[in-house]
Amino acid sequence: MKVCGVTTVGDALMAADFGADAIGVVLESPSPRSVSPERAAAIFAAVGPLAVTVAVTATTSAAGIEGILRLRPGVVQVPADCEVPPGAGVRVIRSVAPGDPVPENCDAVVVDGSRGTGMEFDEDYAGWVMAQSAVPVILAGGLTPENVRNAIDALRPYGVDVASGVESRPGVKDPRRVRAFLLTCRESGV
């Protein structure tokens, strides 16, 4: 269970305390949840071993990726066509959206047609990716405390990823919604 689009140390610690397996911080992106490298470093340091730290980016530039790798996240989440240097010492999640092929050179795939906008995922495409992928598949896109149980029951993904579905406004996590989302996921076996 990844809580993504975290913009503050407080929200990161709250999500980790409520049981998030991973904390996603957006960098090098036009998203309203995108933070500076300095803020990302502070969030990653505060989380420590409580949860896996994930640097999420839309960039495919070598310089952008190198800058992100210097932050030493546990995982990088990149577009399907992004090159991560061999031997970077980091796990790689590749993001795909409807129409994208299933990537093979990664540790996991996140199906997210919304790209952090809150638009609900495409169940048919997500099911197709899950059937084709040789690596774990994480479901994202429009998930909320109210609909995540149905999504998990329908698709049985390896994991789920939430951003806007647990916010009071863009980039600000609502503790009640984060807790409800994570509790529902645990009850559903994710």
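Picking from residues in the range 37-65 that are touching a Leu at 6+ places or on another chain (Cβ under 7 Å) and surrounded by fewer than 22 Cβ atoms within 10 Å (Cβ to Cβ), the one that is nearest to GLY24 (Cα to Cα) is PHE44. Taking the numbered list (1) in contact (Cβ under 8 Å) with a residue 40 or more places away in the chain; (2) among the β-branched types (Val, Ile, Thr); (3) under 18 Å from GLU167 (Cβ atoms) in turn, ILE68 passes all entries but (3).
Here is a yes/no grid of residues against (1) out of contact with any Gly (no Cβ under 7 Å at 6 or more places or on another chain); (2) over 27 Å from VAL35 (Cα atoms); (3) of a type in the set (Phe, Trp, Tyr):
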site	(1), (2), (3)
GLY99	yes, yes, no
GLU104	yes, yes, no
GLU120	no, no, no
VAL137	yes, no, no
ALA140	yes, no, no
GLU146	yes, yes, no
SER164	no, no, no
VAL178	yes, no, no
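Condition test on VAL76, is it assigned to a loop (DSSP other than H, G, I, E, B), modelled with pLDDT of 95 or more, of a type in the set (Val, Ile, Thr) and within 26 Å of ALA126 (Cα to Cα)? So VAL76 does not fit the description; no.
Looking across the range 79-94, the residues that are modelled with pLDDT of 95 or more and touching an Asp or Glu at 6+ places or on another chain (Cβ under 6 Å) come down to ARG91, VAL92.
For GLY19, state whether it is within 20 Å of VAL160 (Cβ to Cβ) and part of a loop (DSSP other than H, G, I, E, B). Considered against the rule, which asks whether it is within 20 Å of VAL160 (Cβ to Cβ) and part of a loop (DSSP other than H, G, I, E, B), GLY19 comes out as yes. Could you list, in sequence order, the residues of the range 95-112 that are hydrophobic (A, V, I, L, M, F, W, C) and under 13 Å from the mean Cα position of the chain (by Cα)? Scanning the range 95-112 gives VAL96, ALA108, VAL109, VAL110, VAL111. Residue pairs whose Cβ atoms lie under 7 Å apart, separated by 6 or more positions or on different chains, with the first residue in the range 158-176 and closer than 14 Å to THR7 by Cβ and the second among the β-branched types (Val, Ile, Thr) and in a helix (DSSP H, G or I), are VAL166/VAL178; LYS173/VAL166; ASP174/VAL166. Restricting ASP100, ASP107, ASP11 to residues that are under 24 Å from PRO145 (Cα atoms) and among the acidic types (Asp, Glu) narrows the list to ASP11.
Given the condition surrounded by fewer than 20 Cβ atoms within 10 Å (Cβ to Cβ), among the charged types (D, E, K, R) and closer than 16 Å to VAL54 by Cβ, answer yes or no: does some residue in the range 99-106 qualify? No, because not a single residue in the range 99-106 is surrounded by fewer than 20 Cβ atoms within 10 Å (Cβ to Cβ), among the charged types (D, E, K, R) and closer than 16 Å to VAL54 by Cβ. Listed by first and then second residue, the pairs linking a residue in the range 138-153 that is of a type in the set (Val, Ile, Thr) to a residue that is crowded, with 20+ Cβ neighbours inside 10 Å and part of a loop (DSSP other than H, G, I, E, B), with Cβ atoms under 7 Å apart and 6 or more places separating them unless they lie on different chains, are ILE138/PRO157; ILE152/VAL190.
If only residues of the range 66-96 that are over 19 Å from ARG33 (Cβ atoms) and of a type in the set (A, V, I, L, M) are counted, the one that is surrounded by the fewest Cβ atoms within 10 Å (Cβ to Cβ) is ALA88. If you check VAL6, VAL56 for being assigned to a strand (DSSP E or B), within 16 Å of the chain's Cα centre (by Cα) and at pLDDT 95 or above, only one passes: VAL56.
The values are calculated or read from the model by the stated rules, or taken from the named source; none is laboratory data. All values derive from a computational prediction rather than experimental measurement. No Cβ is skipped: glycine too gets one built from the backbone with ideal geometry, and neighbour counts run over all protein chains shown.
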